[in-house]
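The structure appears right after this line, and notes come after that.
The values are calculated or read from the model by the stated rules, or taken from the named source; none is laboratory data. Since this is a predicted model, take the numbers as computed values, not measurements. No Cβ is skipped: glycine too gets one built from the backbone with ideal geometry, and neighbour counts run over all protein chains shown. Note: areas computed on protein heavy atoms with side chains; ligands, DNA, RNA excluded. Shrake-Rupley method; radii C 1.70, N 1.55, O 1.52, S 1.80 Å.
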Amino acid sequence: MTNKDEEEENKGPSNNMFLQQSIPMKQLVYTPGCTICVLVCFGILFLAIGGICVYYQGQVDQFIFTYSGTDNAQSCPDTAEKPCRVLIHLENEMKGPIYFYYKLTNFYQNHQRFVRSRNDEMSRGDFTDDPSGFSGCSDGGFEKYTVEDSDGEEQDIFYYPCGLVAKSVFNDSFVLRQCSGECEEQSGTKIEWTSEDIAWASSRLHRFKSRNATWMRQNCYAFRHENNDEGNAAKGFASGFDDSLADFTGTGDAKRSKFHCWHNVSEEGMMVWMRPAALSDFWKLHRIIEDDLPAGWYSLDIHLNFPVAAFGGTKGFVFTNASPLGGKREVLGALYFTVGAVTLVTALALTVAYMTRDKLVKRPQVRYATVKMPEAKVEEEGEEAKKTNATVSSQSFAGKWAGFIKKPKTKANGGEAEDGEFARTVQFPPPPPTKDV
């Protein structure tokens, strides 16, 4: 074959089944038996998953208490200089790790003005020393304030970080002790907990980074230390700041320093707060207790710094551990049980309908017309013709009628006629008679 012949052959249509749309196709037919089996299998699967969820939820211990904004006997005031003590009784041992949450109600972190009142460049630490070009924190009035420098000129001091989110950070602090006897006095064994790994890894590695101690000593006009669990501001500088900042309170020079450093964005509690909650009632992780908590009495000293009466909310705390499926969520198991039960009931209803369909549904009876044919004469060679009366039942197909007249076999046709056999067929209606000319 020459190259020219090959080119002529290549000009033809492709033999690819996909391009020619000739791939074999299969269409599923959902028979009653197949549908019922699928429903039964899925119903059993959902019930099994629901049982697993209920089993693991039974292994989760949880203690919830609202300590402010309520009428409980141990209710604490909204804010106070002295700490408020709450007594906790654990009936059973709580396995570690144990997660300590604070909870707020009627606080709308998802409000549009609240969410956008922040500056992500400040949170990441990639901003310049000139804050005049900052944007995003003006909504709410917590972007900057004005002071006079040594020459009597007004200078703008910018909050670091700025915005409503940083202004409203939850700052109640807690100290947990195990009571050895009476819990009325400040005694007992202090329970150690940690704030490490309470924030997401993406927040710790990428979204929140604080400037170093050298930069703060040069650029922080005022420096505010975060309170620690004991409520002592002198020792409460947050993690992420260098220890050398313990005695630093700010430069006080408004010409050289343009920032009021009041929160450490590298502290994981701050990262958790900066992640907005979707609903107005929410929990946020505060501490993690690695060891088990034995059954007995505990005291929780709460330093009340966060007011909730202004917006009609409440605040509380939660002790809980976790299972392989997460926390205590009874709704998850109930949903699986509900879907599994509905699926099995549907399968049962289809089974009953399938088995009794002949009784429930009357099928229409079709009656076909019966046509009586006129007597037809057929001559046979070698024998006397016999007359037969044939009645043929015909059906209507597109307006055409077709009938057949059959005659028993005879010996003249080369064999003896047998019962139930016919020699020839005559089509009905017969052709119209011809006129003699």
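Odds and ends about this structure:
- When Met1 is tested against (1) modelled with pLDDT of 75 or more; (2) touching a helix residue (DSSP H, G or I) at 6+ places or on another chain (Cβ under 9 Å), only condition (1) is not met.
- Test set (1) open to solvent by 30 Å² or more (accessible area, probe 1.4 Å); (2) charged (D, E, K, R); (3) out of contact with any helix residue (DSSP H, G or I) (no Cβ under 9 Å at 6 or more places or on another chain) - Asp129 fails condition number: (3)
- Checking the stated criteria, Gly140 turns out not to satisfy the condition of being out of contact with any Lys or Arg (no Cβ under 6 Å at 6 or more places or on another chain), open to solvent by less than 90 Å² (accessible area, probe 1.4 Å), modelled with pLDDT under 85 and over 24 Å from Thr314 (Cβ atoms).
- Pairing residues of segment 50-72 that are at positive phi with residues that are outside any helix (DSSP H, G or I) and loosely packed, with under 14 Cβ neighbours inside 10 Å, at Cβ distances under 7 Å and at least 6 apart in sequence or on separate chains, gives no pairs at all.
- For segment 18-41, a residue qualifies if it is out of contact with any Leu (no Cβ under 6 Å at 6 or more places or on another chain) and surrounded by 16 or more Cβ atoms within 10 Å (Cβ to Cβ), and the qualifying residues are Leu39, Val40.
- Test: residue in segment 92-110 that is within 30 Å of Cys220 (Cα to Cα), in a loop (DSSP other than H, G, I, E, B) and out of contact with any Cys (no Cβ under 6 Å at 6 or more places or on another chain): yes
- Qualifying residue in segment 272-281 (condition: part of a loop (DSSP other than H, G, I, E, B), at pLDDT below 90, open to solvent by 20 Å² or more (accessible area, probe 1.4 Å) and not β-branched (Val, Ile, Thr)): no
- Residues that are open to solvent by less than 30 Å² (accessible area, probe 1.4 Å), part of a loop (DSSP other than H, G, I, E, B) and at pLDDT below 90 occur at least once in segment 170-179.
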